[in-house]
Amino acid sequence: MLVLTRKRNEAIQVGDDIEIKVIAIEGDQVKIGITAPKSVGIYRKEIYVDIEQQNNEAANISFDLLKALKDSNK
């Protein structure tokens, strides 16, 4: 993991087209702004993990349903 120190209004560049900028620091919270192409999904980590889990559950349910349908046609 790369760890960088930034002050308010300073930024980090990721590749050619993603910029992460420190907007404000209030107590123990840091507000950041992210500039990226619309094709890049940007999520809070806990939301991203939840989406992954839901997608995995949906994929498993679909596989189980297909298997049950196949078995019922025998």
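Can you confirm whether Ile34 is within 25 Å of Arg6 (Cα to Cα), part of a loop (DSSP other than H, G, I, E, B) and in contact with a strand residue (DSSP E or B) (Cβ under 7 Å, 6 or more places away or on another chain)?
Details: within 25 Å of Arg6 (Cα to Cα): yes; part of a loop (DSSP other than H, G, I, E, B): no; in contact with a strand residue (DSSP E or B) (Cβ under 7 Å, 6 or more places away or on another chain): yes.
The answer is no for Ile34.
Confirm whether Ile18 is in contact with a Leu (Cβ under 8 Å, 6 or more places away or on another chain) and at pLDDT 95 or above. Spell out how you get there, then give the answer.
Values: in contact with a Leu (Cβ under 8 Å, 6 or more places away or on another chain): no; at pLDDT 95 or above: yes.
No, not satisfied.
Just give me the residues in segment 1-31 being surrounded by 12 or more Cβ atoms within 10 Å (Cβ to Cβ), of a type in the set (Asp, Glu) and not in a strand (DSSP E or B), in sequence order.
none
Give the residues of segment 41-74 that are out of contact with any strand residue (DSSP E or B) (no Cβ under 7 Å at 6 or more places or on another chain) and not in a helix (DSSP H, G or I), sorted by residue number. Working first, answer last.
First, the residues of segment 41-74 that are out of contact with any strand residue (DSSP E or B) (no Cβ under 7 Å at 6 or more places or on another chain): 41, 43-74.
Scanning segment 41-74 gives Gly41, Tyr43, Arg44, Asn73, Lys74.
Only one of these conditions is not met by Ala68: (1) surrounded by 11 or more Cβ atoms within 10 Å (Cβ to Cβ); (2) farther than 29 Å from Ile12 by Cβ; (3) hydrophobic (A, V, I, L, M, F, W, C). Which number is it?
Only one criterion is unmet by Ala68, namely (1).
When you look at Thr35, is it without any contact (Cβ under 8 Å) to a residue 12 or more places away in the chain and either under 18 Å from the mean Cα position of the chain (by Cα) or surrounded by fewer than 10 Cβ atoms within 10 Å (Cβ to Cβ) (or both), yes or no? Quick ask: steps written out before the conclusion?
Values: without any contact (Cβ under 8 Å) to a residue 12 or more places away in the chain: no; either under 18 Å from the mean Cα position of the chain (by Cα) or surrounded by fewer than 10 Cβ atoms within 10 Å (Cβ to Cβ) (or both): yes.
No, not satisfied.
The values are calculated or read from the model by the stated rules, or taken from the named source; none is laboratory data. If you're wondering where the values come from, they're calculated on a predicted model, not measured in any experiment. Using ideal geometry, Cβ is built from the backbone for each residue, glycine included, and neighbour counts are taken over all protein chains shown.
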